[in-house]
Each structure stands twice: as structure tokens, then as C-alpha cells.
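The values are calculated or read from the model by the stated rules, or taken from the named source; none is laboratory data. Bear in mind the structure is a predicted one, so any value in this text is a computation, not a measurement. Ideal geometry is used to build each Cβ from the backbone, glycine not excepted, and the neighbour counts take in all protein chains shown. Please note that ligands, DNA and RNA were not included when accessible areas were found on the heavy atoms of the full protein model with its side chains. Shrake-Rupley method; radii C 1.70, N 1.55, O 1.52, S 1.80 Å.
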Amino acid sequence: MERPSRQRQREQDTEQETDESTVACPECDSENIVTDADQELVCEDCGLVLDERNIDRGPEWRAFNHSERQSKSRVGAPITETMHDKGLTTTIDWKDKDAYGRSLSSEKRSQMHRLRKWQERIRTKDAGERNLQFALSEIDRMASALGVPRSVREVASVIYRRALNEDLIRGRSIEGVSTAALYAACRQEGIPRSLDEVADVSRVPQKEIGRTYRYISQELGLELRPVDPKQFVPRFGSALELSEEVQSKATEIIDVSAEQGLLSGKSPTGFAAAAIYAASLLCNEKKTQREVADVAQVTEVTIRNRYQEQIEAMGFR
């Protein structure tokens with residue numbers, strides 16, 4: 001038998017739906033009345049708000065800084081792929097205080113110390129999880145050194161997990177596969193980082209990174225487009241303290257050169273560096289080839305060769 005309160009609630013909802021379906025807008029007499037995301041009755045034709053029934057779906061408490069928000073929050077961190085257990089395990093706080101903020105006794109502190117030690121030991125149940133933990137920590141370390149956003153770290157962790165599930169790690173170093181996964185994630189997310197830059201923060205040679213990257217991208221079917229030299233222009237221009245005019249001119253030079261097929265088979269970093277050098281000369285913000293080469297991590301010879309091709313493509317002699 002259904003409870004009377006539930007039955008009354010259902011009747012009220014039915015009456016409310018009936019009222020919404022028959023109500024008309026007092027401004028334009030339109031019957032196109034909808035309920036938007038804020039639970040308000042709105043006329044679709046003129047935009048008049050007929051009824052407000054706002055429901056605040058946020059927390060009932062207020063916080064004015066990060067520490068207050070952390071202390072009042074009653075939920076944990078979201079699931080993340082950058083941790084071997086996806087962040088689902090709990091940790092014992094290091095502050096040695098109880099639930100009321102009072103300091104623990106010396107006996108309790110010693111007990112908490114032992115519990116923390118054992119918890120760290122049992123978080124990884126076998127060698128496979130320990131290796132995964134090491135690989136994800138390597139990805140996090142290199143991503144921090146490269147200054148890439150959190151999303152790239154998540155994608156790199158997913159790529160490494162896929163390679164681990166496909167048994168692509170066997171016979172290769174953990175550092176090499178994790179570095180290749182991070183490089184693939186940078187390309188997949190459109191965050192330009194050259195192979196030289198990734199090799200600088202890695203513990204494996206550049207040749208091994210490139211070979212491992214090609215292998216896992218082929219085996220996992222990663223659809224990665226060629227790197228666009230225009231993606232490097234803002235970062236190089238900012239490092240050289242060039243104006244927006246120079247960066248815009250460099251982008252134009254790359255577009256014109258690419259239309260004539262000069263980009264095929266060329267290094268995108270060298271191509272972008274030469275375009276920035278040419279644009280700085282054309283806009284009277286001259287930078288030397290040495291300065292541009294240091295920022296782009298290419299040689300001056302590369303800049304000179306690409307510069308001559310781009311100037312001819314632009315019609316300058």
C-alpha cells in the first residue's frame with residue numbers, strides 16, 4: 001500500500017506539470033514555456049522569466065580560501081589515472097592530532113608512525129604495482145619539469161596503462177616507455193614539446209625515446225597528426241619577448257611556406273624558429289640567430305637554411 005504522503009507528492013507534481021503545460025506568457029501570449037537549468041519557467045519566444053524556483057545544489061557552507069574549502073569539504077579527491085591505485089586508497093594524516101585537533105600522546109604517535117609505515121608498504125601488493133607506481137611518478141616528474149597541464153599527465157598515464165595491458169613494456173625500460181607515453185600525450189593534447197625538450201628531462205637517450213614512441217603509437221593505434229610549427233610560435237615568441245605583431249607575421253610566413261610544400265620533411269621547431277627570426281627582421285624587432293636558436297634548441301645552420309627558403313617563398317630577395 002502506497003503511503004499517503006508519497007501519493008500527495010505525486011498528485012502535486014502532476015498538477016504542477018499540468019499548470020506548466022497550459023500556462024501562457026503574459027507578454028507575448030506564447031505557450032512555448034520551458035524549464036531551464038536553474039529550474040525557472042522561461043518563455044522561449046521573448047525570454048520572460050515567469051516563475052523562479054531556484055534550488056542551490058552547492059554545499060550549505062561557505063569558504064573564502066583554499067584551506068577553508070579543504071577543511072569543510074566532506075568528499076575526497078576525484079579519481080585520477082596518475083596514481084597506481086587511482087587515488088581510491090586512504091592515507092593516515094601526518095599531523096599527529098585527533099578528530100578534535102588535540103595532540104596525540106607519545107604512545108599514540110609511535111603507533112601512528114608504525115601504521116603509516118605499514119600502509120605505505122601494503123599500498124603496492126606486488127612488483128607490477130610497484131613498477132606502475134614508479135612509472136607514473138616518472139611521468140609526473142617529467143611533466144612538472146616540462147610545465148605541461150594536468151590533462152596531459154592524465155592522458156600520458158592512460159597511454160602507459162594501455163601499453164602495460166597490451167604487454168608492450170616487456171623488453172623495454174620503464175623510463176623509456178613512460179617518457180614515450182608523455183611525448184605522445186603532449187602531441188595528442190596539442191601541447192607542443194619537441195623530442196629534444198622531452199629528452200632533456202628524461203633519464204634515457206633520445207634515440208630510445210623516439211624508437212619506443214613509434215612502437216607504442218603503432219601498436220596502440222594512436223592517431224597523432226604531424227606537429228604544426230605554428231604551435232611553437234607563442235612559446236618561442238614569449239621567451240624572446242617579441243610583440244604580437246612579430247608572432248602574427250611568423251604565423252603568416254609559416255602558412256605561406258606550408259602552402260608551397262616547404263614544410264614536408266622539415267623539423268617543426270626549426271621551421272618555427274626560422275619564421276620567428278624572419279618576422280623579427282621584417283618588423284624591426286631584430287633578434288640574432290643565436291638567441292632564436294637557444295630558445296628553440298636548434299642550430300644556427302638550420303635557421304639559416306629554413307630562413308632562405310621562407311624568404312623566397314614570401315617573395316623577398
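Count of region 201-210 residues, restricted to those that are surrounded by 14 or more Cβ atoms within 10 Å (Cβ to Cβ) and part of a helix (DSSP H, G or I), is 5. Filtering region 289-307 for residues that are open to solvent by less than 30 Å² (accessible area, probe 1.4 Å), free of Cβ contacts under 8 Å to residues at least 60 places away in the same chain, touching an Asp or Glu at 6+ places or on another chain (Cβ under 6 Å) and outside any helix (DSSP H, G or I) leaves an empty set. Taken over region 13-50, the criterion of being open to solvent by 70 Å² or more (accessible area, probe 1.4 Å), on the phi < 0 side of the Ramachandran plot and modelled with pLDDT of 55 or more is satisfied by Thr22, Pro26, Glu27, Glu31, Asn32, Ala37, Asp38, Glu44, Asp45. Restricting attention to region 212-223, the residues being under 30 Å from Ser257 (Cβ atoms) and either open to solvent by less than 40 Å² (accessible area, probe 1.4 Å) or more than 21 Å from the chain's Cα centre (by Cα) (or both) number 5. The C-beta contact set for region 263-282 (first residue within 13 Å of Glu252 (Cα to Cα) and open to solvent by less than 10 Å² (accessible area, probe 1.4 Å), second residue of a type in the set (Gly, Ala, Ser) and assigned to a helix (DSSP H, G or I), distance under 7 angstrom, 6+ apart or interchain) comprises Ala272/Ala296; Ala275/Ala250; Ile276/Gly237; Ile276/Ala250; Ala279/Ala250. Checked against (1) more than 24 Å from Val204 (Cα to Cα); (2) under 24 Å from the mean Cα position of the chain (by Cα), Lys117 passes all but condition (2).
If the condition is being small (Gly, Ala, Ser) and over 18 Å from Leu136 (Cα atoms), then region 172-229 contributes Gly190, Ser194, Gly210, Ser217, Gly221. Examine region 205-221 for a residue that is of a type in the set (Asp, Glu) and without any contact (Cβ under 8 Å) to a residue 40 or more places away in the chain, and state whether such a residue exists. Scanning region 205-221 turns up at least one residue that is of a type in the set (Asp, Glu) and without any contact (Cβ under 8 Å) to a residue 40 or more places away in the chain. Scanning region 131-154 for residues that are touching a residue at least 12 places away in the same chain (Cβ under 8 Å), within 22 Å of Thr90 (Cβ to Cβ) and more than 13 Å from the chain's Cα centre (by Cα) turns up Leu132, Gln133, Phe134, Leu136. Of all residues in region 72-97, those satisfying the criterion of being open to solvent by 90 Å² or more (accessible area, probe 1.4 Å) and either in a loop (DSSP other than H, G, I, E, B) or small (Gly, Ala, Ser) (or both) are Arg74, Val75, Pro78, Ile79, Leu88, Thr90, Thr91, Trp94, Lys95. Hey, Lys286 hits all of (1) closer than 30 Å to Val155 by Cα; (2) in contact with a Ser or Thr (Cβ under 7 Å, 6 or more places away or on another chain); (3) surrounded by fewer than 23 Cβ atoms within 10 Å (Cβ to Cβ) but one; which does it fall short on? Condition not satisfied by Lys286: (1).
So that you can scan it fast, the table gives a plain yes or no per residue for (1) at pLDDT 90 or above; (2) in a helix (DSSP H, G or I); (3) surrounded by fewer than 16 Cβ atoms within 10 Å (Cβ to Cβ):
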position: Lys125; (1), (2), (3): no, no, yes
position: Gln133; (1), (2), (3): no, yes, yes
position: Ala145; (1), (2), (3): yes, yes, yes
position: Val152; (1), (2), (3): yes, yes, no
position: Ser157; (1), (2), (3): yes, yes, no
position: Tyr160; (1), (2), (3): yes, yes, no
position: Ala163; (1), (2), (3): yes, yes, no
position: Gly176; (1), (2), (3): yes, yes, no
position: Thr179; (1), (2), (3): yes, yes, no
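Kindly provide the set of residues from region 98-117 that are surrounded by 10 or more Cβ atoms within 10 Å (Cβ to Cβ) and modelled with pLDDT under 85, ordered by number. Scanning region 98-117 gives a single hit, Asp98.
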